[in-house]
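The values are calculated or read from the model by the stated rules, or taken from the named source; none is laboratory data. Just so it is clear, the structure is predicted and the values come from calculations on it, not from any experiment. All Cβ positions, glycine included, derive from the backbone under ideal geometry; neighbour counts span all protein chains shown.
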Amino acid sequence: MSSEIFWVDDLGREIIWADDLGNEIIWAQSGTPNYSAPTFPPSGPTGILEVLGSYLYVQYNDDEDLQAFVAAYNSLSQQYVDFFNSLNLPNYTQAPVQQALLDWVAEGIYGISRPSLPSNLSTQKGAFNTWTFNSIYFNESVPPQATTYYVTTDDIFRRIITWNFYKGDGTQFNIAWLKRRVMRFLFGTDGKDFPIDNTYRVSVSFGSGNQVNLTVTKQQSFFKPGSLFGNFLFNTRTFNSFTVATIPFPAIQEAPILKAAIESGTLQLPFQFDFVVSV
């Protein structure tokens, strides 16, 4: 039976470990421990960055083939560590997390599956005044049906995840909360957050009952100087007339997809309200 021997310096750092037969020796270089509080969120990987390399027993150090095998094994192990550190699975907005891997991350971490986005949904039939006589059976219920479906690409799926899990706007529903979420969905490519300096493209109004009218505006209109004193020549304008100038906005390709996602219930919104989307 052999015994183990440790040599440490005056700071308690382990320098040499060996048994009394001298067959195994490891040089362990340890820095001064740092007990300061870490920053959050971390700027990089928080796990191990370098593997603890494999090594040969001393009596086999002169075998070049074994040395090459150990070196190749250590290099391959380090490649695996570097790959998983760069992957950063929870960050679904980056390129490596895509397609089937994005589905796996979304299901496993965030509990959401890639949805289908139906368009042109019909109204549900069954309640009073939702169907004509002799078109359905008595007490029958016909669920809404779609004529077309949008393809839920990785870009759209990432935007959906961001809508449902973004915490930066707080958890209290209000008009600003809704507008900022719509803007982030429309212009946040791959679900990434970006500074929202205005929400002019989004209009919110309330109808009867619990109806919320959500409109993605296509143009901006404003009054130009009309029949005000000093702004026109005599006999060129009628009394109390005015002029409206209109500036069209560029079309947003994601606006119809936003409408389909809200109408299908894919985007989480307060269930107490009935949202009517116009794009």
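Just a few scattered comments:
- Residues of region 79-111 that are of a type in the set (A, V, I, L, M) and either without any contact (Cβ under 8 Å) to a residue 24 or more places away in the chain or in contact with a helix residue (DSSP H, G or I) (Cβ under 9 Å, 6 or more places away or on another chain) (or both): L87, L89, A95, V97, A100, L101, L102, V105, A106, I109.
- Subset tally (residues that are without any contact (Cβ under 8 Å) to a residue 24 or more places away in the chain, surrounded by 10 or more Cβ atoms within 10 Å (Cβ to Cβ) and either part of a helix (DSSP H, G or I) or of a type in the set (D, E) (or both)) for region 55-78: 13
- For region 170-206, a residue qualifies if it is under 14 Å from the mean Cα position of the chain (by Cα) and either under 20 Å from Q272 (Cα atoms) or in a strand (DSSP E or B) (or both), and the qualifying residues are R181, V182.
- Being surrounded by fewer than 14 Cβ atoms within 10 Å (Cβ to Cβ) and modelled with pLDDT of 75 or more is a property that does not hold for G230.
- Boolean, A106 is within 23 Å of L49 (Cα to Cα) and not acidic (D, E): no
- Positions within region 49-105 being of a type in the set (V, I, T) and within 30 Å of S116 (Cα to Cα), in sequence order: T93, V97, V105
- Region 83-120, subset closer than 16 Å to G265 by Cβ and aliphatic (A, V, I, L, M), residue modelled with the lowest pLDDT: L117
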